[in-house]
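Presented below is the structure to which this report refers.
The values are calculated or read from the model by the stated rules, or taken from the named source; none is laboratory data. None of these values were measured; they are calculated from a predicted model. Cβ: placed from backbone, ideal geometry, glycine included. Neighbour counts: every protein chain shown.
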Amino acid sequence: MSGQQSTFVKVCGLTQEQQIDWAVELGYDAVGIVVTPKSRRYCPPGRAVELAGYARGRIPVFAVALTYAETAEVAEHFDTVQIYETAAVPNLALAAGTPPERPEALQYFFYDASAGSGVFADIPAWVADVPGKVVIAGGLDEHNVAGVIEAFGPYGVDVSSSVETAPGVKSREKMASFIAAARTPGRDGH
């Protein structure tokens, strides 16, 4: 596995500029801003656009929602739209717990059977066979992420609730522990 590209690591559910700063400082590859009102990490449209603007040029930013309709007002301000339904958008990251019908049409496929609940469950074997940029999400933490990467070899991993002290309140220390575990020595050719 030496010489393999570094695992893509995204932190989701950011609600403050300082959290974006931490993600950049710690070496995360992308951040997610939740724009679905059903989430405890919800950022209203104006606030979501402010955060996306703050991140612009520093780190790729994802608008995260259940449906495309929830992102329509803000999508143009984000690099990628991550939703739990198929939609005709060029920068689509489909999140689902079932295999995508047309993985070639996706920018990313997020395997997330938890639908953002942060509950870890066994990952089905088919996940390893999905082509393209597969990102595993749902209940990952500093204790299980290295094993998931080892077992499935995904393009990337996504974290949210396990790096928080409360919903939407990230911990720099927990974010540091997670990315260190996701990028264990030997995995990135270091």
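Scanning region 14-25 for residues that are crowded, with 17+ Cβ neighbours inside 10 Å and farther than 15 Å from VAL74 by Cβ yields a count of 4. The set of residues from region 125-146 being assigned to a loop (DSSP other than H, G, I, E, B) and on the phi < 0 side of the Ramachandran plot comprises VAL130, PRO131, LYS133, ALA137, LEU140, ASP141, GLU142, HIS143, ASN144.
Remark: pairs (first residue in region 60-88, farther than 18 Å from TYR111 by Cα and in a loop (DSSP other than H, G, I, E, B); second residue at pLDDT below 95 and not small (Gly, Ala, Ser); Cβ separation under 7 Å; 6+ apart in sequence or on different chains) = ASP79/ASN91. Within region 69-91, the set of residues being under 17 Å from the mean Cα position of the chain (by Cα) and under 24 Å from SER161 (Cβ atoms) comprises THR71, PHE78, ASP79, THR80, VAL81, GLN82, ILE83, TYR84, GLU85. One residue alone among LEU14, LEU94 is touching a residue at least 60 places away in the same chain (Cβ under 8 Å), closer than 15 Å to ASP158 by Cα and of a type outside the set (Ser, Thr, Tyr), and that residue is LEU14.
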